[in-house]
Structure formats: C-alpha cells, structure tokens
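The values are calculated or read from the model by the stated rules, or taken from the named source; none is laboratory data. Keep in mind the model is a prediction, meaning the values are calculated, not measured. In this analysis, Cβ positions are derived from the backbone assuming ideal geometry, glycine residues included, and neighbour counts consider all displayed protein chains. Protein only, heavy atoms only, side chains kept; ligands, DNA and RNA dropped before computing areas. Shrake-Rupley method; radii C 1.70, N 1.55, O 1.52, S 1.80 Å.
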Amino acid sequence: MKNTLNMPAAASLVGETTRRRRISALVLRVVITAILLWLAFRNANLAMIGAGLLRMQGAWFAAAVGALAVQLGTAAQRWRWIAAGCGITISITSALRYVFIGQFFSQTLPATVGADGARIWYLGRRTGDWKSSFYSVIIDRAVGGLALGILVVAILPGALSRIPDPAGRLSLAVTGFSCLAAFAAVIAIGALPWLDRWPATRHARTIAVIGGKLFGDTRSAVEITVSSIAIHLLSVLAVWCIARALTAPLDPKDAIFLVPPVMLITMVPISVAGWGVRESAMVAALRYAGLGSSQGLLISLLFGAGAFLLGLAGGTVWIASRRRE
C-alpha cells in the first residue's frame, strides 16, 4: 500500500520547504554582504575614515539626505503614473506612504520582503486588484533599470575618457549595453502573442504590453522618462553633496560620469540593500576622479547611511499605518 500525505500535511511540507529556501537565500545574501564589506574595508585607512567623519559638514550631509528624500517622492509620482496605466488610481499621499514603507523594509531589515514586496502588498490590499498591483510595481522597477541603463550608455563617452584602464572601460561598456539588451528583450515579449498559452509567460507578456502602451502615449512617455532620469541624477547629487561634506575634491562632471554606473552595479541583488556591492563599485569608480580608497569608501558608507535614515523614517510611517488600521 502506498504511503500518501493528506492535503494539509502536503501543504505544510511545501510551506516548510519554501521557508527554508527563503532563510537560506537570506543567509547567503548576508554572508555575501559581509564578505564584500570586508574586502572594501581591507585596504581602507580607518584613521582617515574616522577623521573624515569628525570633520564632516553636517549641512552638506543633510542636503544629501534631502536629495534622497526628493528621490523617493519622485519615485512615488512615477509609480502613480505607471499604476494609472495598469488601471489603478493612487493618491500621492498613499504612494508616498507605500514608498517610504518599502524603504524601511529594504534598508533597515535583512528581510526577503523588500521594497517591491511591501508596495505590492499594501496596494493590493487597498485596491483588491493584486494582479494590477503586481504589474505596476514590476513595470516601475523595470523602467527604473531601463532609464539607468540608458543614462549609463548616454554618458559612456565621458565616463570612458576618465577611465584609462582597458578592463574598466570594457566592463563599463558591457554592463551598460547588457542592461539595455535585457530590457529590450523584455519589451520584445509584448510582440509574441503565442506566449499567452502559458500562465507564467502570459503575465510577462501582459507586463510588456502595458509598458508598451505607457511609452506609446507621448505625455506618459515624457513624464515617466523625465522622472526616471531625475531619480538617478538625484543619486549623483547626493553623492556630490556627501563629497562636499567631506571636502573631497569630486568635480560635478566626474560625479555625473562615474556615479550612475555605480548605481547600476548596485542594482544586482546579491547583497543586503546593496551594501558591499556599492562600496566596492564606488571606491573603484571614484578612484578615477582622483579620490583615495578611504574617501570613496566613506562617501559610499554615508550614502548608505542616508538611505538608512530614510528607512527609519519609513519605519515610523509603517508603525503609524499599523496603529491606524
């Protein structure tokens, strides 16, 4: 006689397996983060980093945090436009609230939920339209990556002029064009109607079709494109403000040409909130602008600290939302 599991037991087994996989993935990301941070700190001058913190001009650091806050507000507005294309109306207040809550989950907790999961959860629960909520967040994420890839390719001539190392030039060019190729492939899915035969590919094609309609409308395309570029330029502004706070000699042009590639590399989801990946990339990039390893590392750490502070603000919003519910 065959041994069979009843349905509750089978469901419990699947749930336990899923939970273990999530924990394993989280542990792996924490380990990778620790290794990357150790590599970044290995050649750093801790005394110089401490001295830089003591001499830091608070007003300039506050300006950097302000730029990151404006970035979140701009991201919230872009998400509203994209959600409208998915058939969902979000008030700017709700969009800001969900984006700040997402910032809390992505920056302050080593969790697997992340900003995107939090936004999908809150919007889906409010509207009851889980599918469109999911589509809006995925398209928003894809648009952000596409805009960053376009920006990196657009500034490539200026960036390459500052990078004498052939390997560095090649890796930057490959990264930028690979990003564009990946998103172009996603967009191309919309032109393949036979993908509707299977559920997984049907959702992918629906996302591509909605994205195509958003960019097919002139006003929508302009709004989304301009806001997307502005979001990434605000990261550049924040880095430059932090450099000013530390009196580091970072020219604005160098920041424009060297920081976007760092942000593109940081999007690779292998560490917790980009920590470690960002530090290694920032140190390498700012070295071409004449900054030392310790200066580049401290700038990256303070950039992460600014994002963390906004995450704490998002935590306050999250707690207030839970009490109100």
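Here are a few things to note about the model shown:
- Under the convention that each Lys and Arg Cβ holds +1 and each Asp and Glu Cβ holds -1, the size of the dipole of region 177-224 around its Cα centre is about 140 debye.
- Top of L156, L68, L28 by mean-square fluctuation, Gaussian network on the chain, Cα under 10 Å: L28
- Histogram of C-alpha separations across the chain, 20 Å bin width, %: 28, 57, 14, 1
- Rounded to the nearest 20 debye, the dipole magnitude of region 41-153 is 80 debye, with +1 charges on Lys and Arg beta carbons, -1 on Asp and Glu beta carbons, and the Cα centre as origin.
- Heavy-atom accessible area order for I207, I101, largest first, 1.4 Å probe: I207, I101
- The residues packed around I210, meaning those with a beta-carbon under 12 Å from its beta-carbon, carry a net charge of +1 if Lys and Arg are +1 and Asp and Glu are -1.
- Using θ = phi - 60° and Karplus 6.51 cos²θ - 1.76 cosθ + 1.60, couplings along region 171-177 (whole Hz; Gly, Pro as x): 5, 5, 5, 4, 4, x, 6
- Remark: region 21-32, residue by residue, has Karplus-estimated 3J(HN,Hα) of 5, 5, 5, 4, 5, 5, 4, 4, 5, 5, 4, 4 Hz, where x stands for each Gly or Pro and the curve is 6.51 cos²θ - 1.76 cosθ + 1.60 at θ = phi - 60°.
- Total formal charge among the other residues, if their Cβ is under 13 angstrom from that of V268, Lys/Arg +1 and Asp/Glu -1: +2
- Atom-type composition of the exposed protein surface of region 128-205 places 74 percent of the accessible area on carbon and sulfur (1.4 angstrom probe).
- When only the Cβ of Lys, Arg, Asp and Glu is charged (+1, +1, -1, -1), the dipole of the chain relative to its Cα centre reaches about 760 debye.
- Helix 58-85 and the longest principal axis of the C-alpha atoms of the chain enclose an angle of approximately 30°.
- Overall form of region 215-325 per C-alpha gyration tensor (a/c, 1.5; a/b vs b/c): oblate
- Degrees, to the nearest 10: 92-108 long Cα axis against longest axis of the chain: 70 degrees
- Listed residues E223, E279 arranged by accessible area, highest first, probe 1.4 Å: E223, E279
- Normalised by the number of residues in region 244-307, the average gap of Cα pairs under 8 Å and 6 or more apart makes the relative contact order 30 percent.
- Region 254-314-region 113-144 distance, computed between alpha-carbon centres (Å): 26 Å
- Spacing of the modelled spin labels on S94 and T316, each 7 Å from Cα toward Cβ, amounts to 2.4 nm.
- log₁₀ of I(q)/I(0) at q = 0.09 Å⁻¹ - region 143-253, Debye sum with one point per alpha carbon: -0.36
- 10 Å-binned pair-distance histogram of region 15-70 (Cα, whole percent): 19, 21, 30, 20, 9, 0
- The chain, accessible area per residue, ligands and nucleic acids excluded (1.4 Å, Å²): 51 Å²
- With θ taken as phi - 60° and the Karplus curve 6.51 cos²θ - 1.76 cosθ + 1.60 applied, the whole-hertz 3J(HN,Hα) list for region 147-164 is 4, 5, x, 5, 4, 4, 5, 5, 8, 3, x, x, 5, 5, 5, 9, 10, x Hz, x standing for glycine and proline.
- With each label modelled as a point 7 angstrom along the Cα→C-beta vector, the N45-A181 pair spans 4.1 nm.
- The C-alpha atoms of the chain define a longest principal axis, and helix 252-266 lies at about 40 degrees to it.
- Among A188, A64, A307, the largest mean-square fluctuation in a Gaussian network model of the chain (Cα springs under 10 Å) belongs to A188.
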